[in-house]
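Peer 1: Below you'll find the structure I mean.
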Amino acid sequence: MKTHHLKTWPVYFTESKIGNKNFEIRKNDRDFHVGDILILEEYDITSKKYTGNTLSVAVTYTTFFGCADGYIVMGVRERK
């Protein structure tokens with residue numbers, strides 16, 4: 001199990017925070033696995049700064065089906 005800190009744009013961060021977005025599609029450059037922890041860090045693309053808002057989620061499922069080469073889809077669930 002690894003912990004990964006991931007830059008997340010505000011629109012996606014908000015949808016994850018309110019529970020509408022329970023997946024992440026990312027380049028699989030970190031060898032993601034079920035059981036990993038993702039720390040989603042809200043990043044304002046306009047100011048090019050982190051907002052300080054974070055969300056911790058656990059990877060519950062992974063698939064490469066339908067993904068561009070080198071990408072992964074991860075099912076995630078918020079950690080309390």
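Peer 1: Could you tell me the number of lysine pairs in the stretch 3-78 with C-alpha atoms less than 17 Å from each other, where the two lysines are 8 or more residues apart or belong to different chains? Write out the running numbers ahead of the final one.
Peer 2: Values: 7/17; 7/21; 7/27; 7/48; 7/49.
Lysine pairs satisfying the spacing and distance rule in the stretch 3-78 number 5.
Peer 1: Moving to a separate point now. What ranking of 24, 41 emerges when the number of other C-beta atoms within 10 Å of each C-beta is taken as an exposure proxy, fewest first?
Peer 2: Details: 24 21, 41 16.
Placing the least packed residue first, the sequence is 41, 24.
Peer 1: Another question, if that's okay. Can you sort 42, 78 from fewest to most other Cβ atoms within 10 Å of each residue's own Cβ? Mind dumping the intermediate values first?
Peer 2: Details: 42 21, 78 13.
Ascending number of Cβ neighbours within 10 Å: 78, 42.
Peer 1: Restricting to the chain, compute how many DSSP beta bridges are antiparallel as a %, nearest 5. If you can, show how the numbers build up before the last one.
Peer 2: Details: 18 of 24 bridges.
Percent antiparallel among DSSP bridges in the chain is about 75.
Peer 1: Still on this model: I'd like the FRET efficiency for residue 18 and residue 60, computed as 1/(1 + (r/R0)^6) with the beta carbon distance as r and R0 of 25 Å, rounded to 0.05. Could the numbers behind the result be given before it?
Peer 2: On the way: r = 18 Å, r/R0 = 0.73.
After rounding, the FRET efficiency stands at 0.85.
Peer 1: Remind me, relative contact order of the chain in percent, using alpha carbon pairs under 8 angstrom and six or more residues apart?
Peer 2: 33 percent
Peer 1: Taking every pair of Cα atoms in the stretch 3-78, average 1/r, invert it to obtain the Kirkwood radius, and report Rg/Rh to two decimals. Display every interim value, and only then the final one.
Peer 2: Details: Rg = 12.1 Å, Rh = 12.6 Å.
Checking Rg against Rh, the ratio lands at 0.96.
No value in this document is a laboratory result; all are computed from the given coordinates. If you're wondering where the values come from, they're calculated on a predicted model, not measured in any experiment. Every residue, glycine as well, gets a Cβ built from its backbone with ideal geometry; the counts of neighbours run over all protein chains shown.
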